[in-house]
Amino acid sequence: MAQFNYLNEIKSLATMDGPITRGPLQRWAKKSGNENINPSSSLQNISNNISVCSQSMQKLSVSANQSCNNSVLSSNKTPTRNDKKKTPSKNKSPGRSKTPTPNKASKTPNKADRFIPSRSNSNYDLCHFMMTREEDKGEEIVTQTAASEALGRALNDTEPGRLLQYTCKAPAAPEGYQNRLRVVYSQAKVPSTVKNPTRYIPQAPERILDAPELVDDYYLNLVDWSQSNILAVALGNSVYLWNAGTGQIEELLTLEGSETVCSVAWVQGGAPHLAVGTSTPTVELWDCEKQKRLRYMDGHTGRVSSLAWNMYIVSSGARDGNIVHHDVRQRDHAVSTIQAHTQEVCGLKWSPDGRYLASGGNDNLLNIWPIAQGEHYSQPQYIHSFNQHLAAVKGLAWCPWSSGILASGGGTADRTIRIWNVNTGANLNTVDTKSQVCSILWSTHYRELVSAHGYANNQLIIWKYPLMTRVCELTGHLARVLHLAMSPDGQSVVSAGADETIRLWKCFMQDPAKKKQPTDTKAAKSLLNLNSLIR
């Protein structure tokens, strides 16, 4: 159709609708201003141009008819087109511009109604061949690129393969790994390898109590929590009882003069009896319900800084380095006295099964004493004496769910927590806490333990047993945390610091999906009537 458009353009050039004088000056007329132009000669030149255009139109029509006939005859061949159209030649007069002179009517707007790509980059012969070839010939194109050959091999049924694959297999995720975006893609339950995924440990204390005149002394033991949910705290020369259930506070006793309270310990089994060690040095037994002193027991020459119960036997450790076992049922209460340490006994704990007594002293020694056969006090000869600690051993705690496992902590020069198996005498693990270890407690719901620290960080640390990796740190005390005590349900821990505050932490809250374990209420049933037993 291009040749017909071209003929229409030639016809538009040849049309003369109005007088030529109304049109703009021709370029050949503007070329030279010095030449004198004869109007008659210009009209003659225009008539010559018109005759030339009519002759060229006749030639184009003949050539167009021939090309159409040729294309019809050669329908089985690929048509070819020339990229450039030949424009008809025009007569040139001397002194005129080489550019043909257009008429005013030839100035048509350029309509960009479609996009025509460059035909020089198109292979029309190949396109015509692909469109006209028969399907049964099955001829393939010889020229293939390397990418097409590789794709053909991958898609071939006879040669198995993948279009996309890794050269190396991705490494497996560590055991117990939980993707933090898993909830976005799946609502499935958490894998069984991840234990307690929803456990939350509050970083702030649930309650803060004021504890004025709390003695800042590393070797004393001034806080204990009973099975009846009563917290006993020694402040100066007085002992106060705080009911954790009702929040009621009562004053149990106040010593006279310069005498101070050095240690407190509740009897086992939930009975309302509290042992109080003083600086006189004596051990007093109090009935907290009647607020009455039941026994007054001596036997030491130095202040009584540690106490531990085993049934009706209360063992006391003092600054004189001795351990005295008191039978509260008998008039002669001191049933056994042991020269345990060369310096003050600041840590004293009976094992839950009552088989061993652990004592820690300011002489950096940790001694393990076996129970006397048929009795509830220990033998005078230790079975183990550990000297690995480099400072005073005050923090002592027996594991409640693994027999014979003991945790011990050293003072400022040591700063380590050591895990012992007293059945074999082996040191199972040692961890450097970077701070003075003041107290240790085991959790009854988790395989964890919590430690209280002094210089220089003054924090609580929860450790995962047996690897002794840190679970979390609880901060808030402005001075060293001297004492720890566990609630009877095993979910809360109370800490007392030298900043004269007592803080309650909910760090071992039990999973509500688990059933509550029954508490051990054995022992000390005979202690309910201690007044009648004392002669």
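The distance between label points at TYR124 and ALA334 comes to 12.6 nm (points 7 Å beyond Cα on the Cα→Cβ vector). Just the number, please: carbon plus sulfur as a percent of the accessible area of the stretch 276-366, 1.4 Å probe, no ligands or DNA/RNA counted. Accessible surface attributable to carbon and sulfur in the stretch 276-366 totals 39 percent. Translational diffusion of the stretch 276-430, estimated by Stokes-Einstein from the Kirkwood radius over alpha carbon pairs at 20 °C in a medium of 1.002 mPa s, is 137 µm² per second. Pairs of Cα atoms nearer than 8 Å and 6+ residues apart set the relative contact order; for the stretch 426-518 it is 20 percent. Selection among HIS273, ILE230, THR337 by position relative to the dipole of the stretch 229-355 gives THR337 as farthest towards the positive end (Cβ unit charges, Cα centre). Taking each of LYS290/LYS506; LYS292/LYS394; LYS349/LYS434 in turn, the alpha-carbon distance tops 27 angstrom for LYS290/LYS506; LYS292/LYS394. Here the extension length gained between GLN203 and GLU250 equals 14.0 nm, from 0.36 nm per residue of separation less the Cα-Cα distance. The label point for GLU448 and the one for ASN429, both projected 7 Å from the Cα toward the Cβ, are 1.3 nm apart. Once the chain from CYS472 to ASP298 is taken as fully extended at 0.36 nm per residue, the excess over their C-alpha distance is 58.3 nm. Rolling a 1.4 Å probe over the heavy atoms of the protein chains gives the stretch 197-310 an accessible area of 43 Å² per residue.
Ligands, DNA and RNA aside, VAL431 has an accessible area near 20 Å² when probed at 1.4 Å. Using alpha-carbon pairs under 8 Å, 6+ residues apart, how would you state the relative contact order of the stretch 296-339 in percent? With pairs under 8 Å counted, the relative contact order is 30 percent. Ordered from largest to smallest accessible area (heavy atoms of protein chains, 1.4 Å probe), the residues MET311, MET131, MET486 come out as MET131, MET311, MET486.
The values are calculated or read from the model by the stated rules, or taken from the named source; none is laboratory data. Please read these numbers as outputs of a predicted model, since none were measured by experiment. Neighbour counts are summed over all protein chains in view; Cβ atoms, including those assigned to glycine, are modelled from backbone coordinates with ideal geometry. When the accessible area is computed, the model is the full protein with side chains, heavy atoms only, and any ligands, DNA or RNA have been set aside. Shrake-Rupley method; radii C 1.70, N 1.55, O 1.52, S 1.80 Å.
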